[in-house]
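Here's the structure, in structure tokens; my notes come after.
The values are calculated or read from the model by the stated rules, or taken from the named source; none is laboratory data. Please read these numbers as outputs of a predicted model, since none were measured by experiment. Ideal geometry is used to build each Cβ from the backbone, glycine not excepted, and the neighbour counts take in all protein chains shown. With ligands, DNA and RNA removed, areas are computed over all heavy atoms of the protein, side chains included. Shrake-Rupley method; radii C 1.70, N 1.55, O 1.52, S 1.80 Å.
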Amino acid sequence: MKITDIIKSKKAVLSFEVFPPKTDDKFESVSRAIDEIAALSPDFMSVTYGAGGGTSAYTVAISRHLKECGVNSVAHLSCISSTKADVHEKLAQLKEAGVENILALRGDIPADFAGNLEYRYASELVADIKKAGGFCIGGACYPEGHPESDTLYSDIEHLKIKVDAGCDYLTTQMFFDNDLFYSFLAKAYSAGITVPIIPGIMPITRASQVKRTLTLSGSPMPAKFRRIVDRFGDNPAAMRQAGVAYATEQIIDLYANGIKAVHVYSMNKPEVARAIRDNLSQIV
Ligand code: FAD
């Protein structure tokens, strides 16, 4: 089922994200984790695409497997390290696998960037997928602006170009303060972006995740969350419980404010996905 149809057909949508194994020897343990998350019956699951396309074969295989298990899947696809021919081949594989949803991404610019790329921006990939036809196309967006952008406003102008190229919906980078998301929504709507925007929530369950996550999101750490890490960071079980509670509170606030779909960066952690799902058992 297409993501836009899922959003239209349900009162509240909850989805989880997983990533493929980085090496073949991790395949079994990652597959087990993904199956455990799929058994929670989320409305859909998205499968990331390794930077530079390294795990791309697994992305298609896992997306296909999820569909076979009865869970709607979204395959991520990045373009910065790909040729147009690579992309067309990947689209043919996804079509053959029956995957209906693609999150179209540029990917991070490789360190050995040669300056002669066939794709510069995700909008060019979106346009190619649109031309291929048959897919529901998602794009990424950044409530605090993409780190390469001069301002949030210029980033939103570029986002509008991407949406006009054919995005059916958007998913946000993680954020830890919902007000940032509400403020972004208002700016996106006034720039003429009317497709559904799905907020992405990352439960921080280990103190060691904090630094990398904040760099990725570009988010300042809210004082409320900093106090949690200060108090519970050296107690793994307490940190996990507090991190899940913080993410749950963010998610409930989003639904309470009329947001229909929330995406959780569950990152191959079934215990975290299960705890969030249980916390929302009467809501979703
Ligand atoms: P773009 O939309 O192309 O934007 C990149 C930058 O270019 C922005 O600063 C934008 O403002 C600017 N820009 C865009 N268009 C123009 C234009 N016409 N003129 C001038 N400037 C322009 N990475 C992976 O490798 N694999 C994944 O699976 C993955 N999943 C992700 C999922 C989500 C929900 C998010 C938010 C990110 C994900 N990423 C993933 C990371 C993403 O690839 C990086 O953030 C990357 O740096 C930007 O990708 P994008 O698709 O947002 O790029």
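A DSSP coil position with no more than 16 other Cβ atoms inside 10 Å describes the following trypsin sites (Lys or Arg not before Pro) in the stretch 200-284: Arg206, Lys260.
Per-residue SASA remark: Thr205, around 10 Å² accessible (1.4 Å probe; ligands, DNA and RNA not included).
Would you calculate the separation in nanometres between label points at Ser281 and Asp150, each defined as 7 Å from the Cα along the Cα-to-beta-carbon direction? Going from the Ser281 label point to the Asp150 one covers 5.3 nm. Solvent exposure of the chain amounts to 47 Å² per residue of accessible area, where only protein heavy atoms count and the probe is 1.4 Å. Compute the Cα gyration tensor for the stretch 114-177, then decide on rounded, prolate or oblate, letting a ≥ b ≥ c be the square roots of its eigenvalues: rounded whenever a/c is under 1.5, prolate when a/b is larger than b/c in the other cases, and oblate in all that remain. Cα axes put the stretch 114-177 in the oblate bin. Taking 0.36 nm per residue of separation and subtracting the Cα-Cα distance, full extension of the segment from Cys69 to Tyr182 would add 37.2 nm.
Label reach from Ala238 (point 7 Å along Cα→C-beta): in the stretch 190-212, amide nitrogens under 14 Å belong to 207.
The modelled label-to-label distance for the pair Val195/Leu216, using points 7 Å beyond Cα in the direction of Cβ, is 2.2 nm.
Express in % the proportion of alpha carbon pairs of the stretch 172-284 at distances exceeding 25 Å.
Tail of P(r) above 25 Å: 20 percent of Cα pairs.
Counting lysine pairs in the stretch 1-148 that sit 8 or more residues apart in sequence, or on different chains, and whose Cα atoms lie under 21 Å apart gives 20. Write down the Kirkwood hydrodynamic radius of the chain, to one decimal in angstroms, obtained as one divided by the mean of 1/r over all alpha carbon pairs. One decimal place: 19.2 Å for the Kirkwood radius.
The accessible surface of the chain, taken with every protein chain in place and a 1.4 Å probe, is 52 percent carbon and sulfur. Here the stretch 125-240 yields Rg over Rh of 1.06, to two decimals, using C-alpha coordinates and the Kirkwood radius. Centre-to-centre, using Cα atoms only, the stretch 156-221 and the stretch 235-274 are separated by 16 Å.
Sparse packing (at most 10 other Cβ atoms within 10 Å of the Cβ) combined with a DSSP loop state is found for the following trypsin sites (Lys or Arg not before Pro) in the stretch 1-62: Lys11. Each helix, a run of at least 4 DSSP H residues, gives -39500 (n - 2.57); summed and divided by the residues of the chain, these come to -14500 deg cm²/dmol at 222 nm. Couplings 3J(HN,Hα) of the stretch 219-232, computed from phi: 7, x, 7, x, 4, 4, 6, 4, 5, 5, 5, 4, 7, 10 Hz, in residue order, whole Hz [Karplus 6.51 cos²θ - 1.76 cosθ + 1.60, θ = phi - 60°; x for Gly and Pro].
Is the C-alpha gyration tensor of the stretch 1-95 telling us rounded, prolate or oblate? Criteria: a/c under 1.5 is rounded; beyond that, a/b larger than b/c is prolate, otherwise oblate. Oblate.
Grab the beta carbon distance between Lys11 and Ser41, set R0 = 25 Å, and tell me the FRET efficiency rounded to 0.05.
After rounding, the FRET efficiency stands at 0.95.
Across the stretch 52-206 the C-alpha pair distances fall into 5 Å bins from zero in the proportions 2, 9, 18, 20, 20, 16, 11, 5, 0 percent. As a calculated quantity, the FRET efficiency between Glu118 and Lys160 at R0 = 41 Å, using C-beta atoms, amounts to about 0.95.
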